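Let me begin by presenting the structure, written as structure tokens, before commenting on it.
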Amino acid sequence: CRSPSCESCFSRDFCMKCKDKFYLYKGQCFRQCPAGTAAQPGTRECQETCEPGPWSEWSACTHESRTCGCKWGVETRVREVPEAARDERTACP
């Protein structure tokens, strides 16, 4: 790695994990997350404020509040909006 703030690199110029007190964003380490991004809880990574997180697993199939195996049931999954967007009450597209 060329960056002294990087702990683990994918390539010479692309960091995969930053050292303590640094945040990872698009392969680079920053002391603070760049504008328009926010640190994700439990990680040292920055995520764009309105970019939703990954999809959850599918829920169990249900029909009229009962677990089902028929073709008329419903399955759901969700994506979390970053905490910074919720805190700022930012309208995300």
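What are the residues whose amide H is under 5 Å from the amide H of Lys19, where those residues sit 5 or more places off or on another chain and H is modelled from the backbone?
Answer set, sorted by chain and number: Cys6, Glu7.
Assign one of three labels to region 1-48, namely rounded, prolate or oblate, based on the Cα gyration tensor with a ≥ b ≥ c the square roots of its eigenvalues; rounded applies when a/c is under 1.5, prolate when it is not and a/b is larger than b/c, and oblate otherwise.
Working: a/c = 2.01, a/b = 1.73, b/c = 1.16.
Since a/c reaches 1.5 and a/b is larger than b/c, the shape of region 1-48 is classed as prolate.
If you stretched the chain out fully between Arg12 and Glu80, how much longer would it get, using 0.36 nm times the residue separation minus the C-alpha to C-alpha distance?
21.2 nm
Here, each number is a calculation from the coordinates, and none is a lab measurement. Remember, predicted model here, so these are calculated numbers, not experimental data.
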